[in-house]
Amino acid sequence: MKIPFVDLRAAYTELQQELDAAYFRVAASGWYLLGPETEAFEAEFAHYCGVRNCVTVGSGLDALFLILRALEIGPGDEVIVPSHTFLATWLAVSSVGARPVPVEPDAVTYNIDPARIQDAITSRTKAIIPVHLYGQPADMQVIGRIAAEHGIHLIEDAAQAHGARYRGRRVGSLSIAAAFSFYPTKNLAASGDGGAVLTDDRALAGRVRLLRNYGTRDRSHFEVKGSNSRLDELQAALLRVRLRYLDAWNARRAAVAERYIKSLAGLPGLVLPQNPEWSEPVWHVFAIRHPCRMQIQEHLTSASIGTLVHYPEPIHLSGAYADGRWPSGTLPLAEQMAAEVLSLPMRPQLGDLEVSLVIQEVTTAVRQCTRTNGAASARESNVPRMPVG
Ligand SMILES: *Cc1c(COP(=O)(O)O)cnc(C)c1O
């Protein structure tokens with residue numbers, strides 16, 4: 001049995017009739033941008049998130065970028081971002097000419113550590129962008145309090161967390177504005193690129209609407225220097241179909257996660273995702289952590305089980321940010337995460353038998369590694385380590 005890490009064809013096949021009908025409806029309509037499907041999806045997704053306004057855009061990166069532009073954040077400003085996230089969170093900040101200021105993760109959620117934010121705030125700080133990484137909500141109440149105290153904007157990067165709840169409320173509704181991505185592997189997926197900005201602030205929504213379409217409302221007058229960042233009608237129609245299945249598909253991810261957690265608990269040196277009581281995650285990624293990450297991944301590969309690392313290169317050490325501001329060792333927790341995390345197969349179409357096989361092979365690999373290396377968790381290091389377990 002082969003277990004690929006992603007299988008987008010299986011996700012398509014399950015909804016094929018409805019997706020095909022949506023596709024042909026748009027193809028035959030002769031209306032391909034900023035039309036009825038986009039408007040309907042915006043209303044439906046806003047309602048789903050419990051937010052007043054949804055403005056669709058071309059990608060998740062653009063959603064973040066356009067929020068920052070709409071808030072007039074730019075050169076000379078600083079924006080606090082997680083040290084451990086996907087590159088896009090930092091890149092959006094750099095793209096408006098502002099400076100990303102990374103803050104290290106906490107050991108439970110792997111999200112930005114609220115206790116470390118205070119020290120990163122300066123007179124130039126304009127916003128904080130917590131990421132609901134792997135589908136796990138960040139501690140928004142605590143972070144929101146810090147933001148309010150300092151009069152800085154709170155923005156969510158919700159690109160991995162469609163449908164997740166924080167203290168009973170959907171992510172995307174917990175800040176001045178939230179960015180979503182509909183990249184094909186996300187929990188709510190387009191068949192191509194797409195993104196959205198969610199906000200209760202009507203004026204802010206209006207500015208993003210203007211910026212996504214060349215800065216014009218009527219195609220004759222150009223009020224500001226905007227972008228071309230529109231979701232097309234076809235993607236909107238496909239997203240309307242998939243939105244109806246989002247809760248059910250997230251529940252299937254949760255069932256897989258529950259089996260992984262139950263069956264892998266207690267393996268030596270293995271750290272499993274943990275769930276604070278205020279959190280209902282949506283398991284975009286199921287990331288385990290182990291000092292023998294490489295050996296475990298090699299074993300799973302040889303057993304035809306696909307895995308990925310989210311993310312193998314700490315952003316501050318990447319070529320994109322190699323301007324010397326953060327030499328190796330300056331963000332040790334981000335570096336440790338990059339060295340130790342491993343994402344197991346996680347998708348709604350994963351069968352019981354496949355989950356059993358993953359569990360069996362991870363168990364074998366961890367035991368093997370522990371035998372070869374002695375106490376696997378005892379790897380010596382002079383950087384402060386995240387607690388195990
Ligand atoms: C996917 C992702 C983005 C960017 O979304 P794109 O649609 O690929 O531009 C931003 N932030 C995070 C955390 C993501 O996972």
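General remarks:
- The listed residue being touching a strand residue (DSSP E or B) at 6+ places or on another chain (Cβ under 9 Å), within 23 Å of Tyr166 (Cα to Cα) and in contact (Cβ under 8 Å) with a residue 24 or more places away in the chain, out of Ile288, Ile296: Ile288
- So Cys49, is it more than 16 Å from the ligand (Cβ to nearest atom) and surrounded by 21 or more Cβ atoms within 10 Å (Cβ to Cβ): yes
- Residues that are farther than 13 Å from Ile129 by Cβ and assigned to a helix (DSSP H, G or I) within the range 65-85 comprise Leu66, Arg69, Ala70, listed in sequence order.
- Qualifying residue in the range 265-278 (condition: aromatic (Phe, Trp, Tyr), in a helix (DSSP H, G or I) and farther than 24 Å from Pro36 by Cβ): no
- The residue list Ile121, Ile129 contains one member that is closer than 24 Å to Gly74 by Cα and buried (at least 24 other Cβ atoms within 10 Å of the Cβ), which is Ile129.
- Screening Ala107 against (1) farther than 21 Å from Ala287 by Cα; (2) touching a residue at least 12 places away in the same chain (Cβ under 8 Å); (3) away from the ligand (no atom under 13 Å from the Cβ) leaves a single unmet condition, (1).
- Qualifying residue in the range 22-39 (condition: among the hydrophobic types (A, V, I, L, M, F, W, C), assigned to a helix (DSSP H, G or I) and within 30 Å of Glu354 (Cβ to Cβ)): yes
- One residue alone among Ala88, Ala127, Ala115, Ala138 is assigned to a helix (DSSP H, G or I) and in contact with a strand residue (DSSP E or B) (Cβ under 9 Å, 6 or more places away or on another chain), and that residue is Ala88.
- Here Arg169 passes the criteria (1) in contact (Cβ under 8 Å) with a residue 60 or more places away in the chain; (2) within 16 Å of the ligand (Cβ to nearest atom); (3) within 30 Å of Pro345 (Cβ to Cβ) except the one numbered (2).
- Enumeration of residues in the range 138-151 that are away from the ligand (no atom under 13 Å from the Cβ) and either under 19 Å from Glu104 (Cβ atoms) or of a type outside the set (A, V, I, L, M, F, W, C) (or both): Asp139, Met140, Gln141, Val142, Ile143, Gly144, Arg145, Ile146, Ala147, Glu149, His150, Gly151
- Looking across the range 193-211, just one residue is near the ligand (Cβ under 10 Å from one of its atoms) and surrounded by fewer than 24 Cβ atoms within 10 Å (Cβ to Cβ), and that is Asp193.
Since every read-out is calculated from the coordinates, none of them should be taken as a lab result. Only a predicted model underlies this, so the values are computations on that prediction, with no experimental measurement involved. Here Cβ is always computed from backbone atoms with ideal geometry, including for glycine, and neighbour counts include all displayed protein chains.
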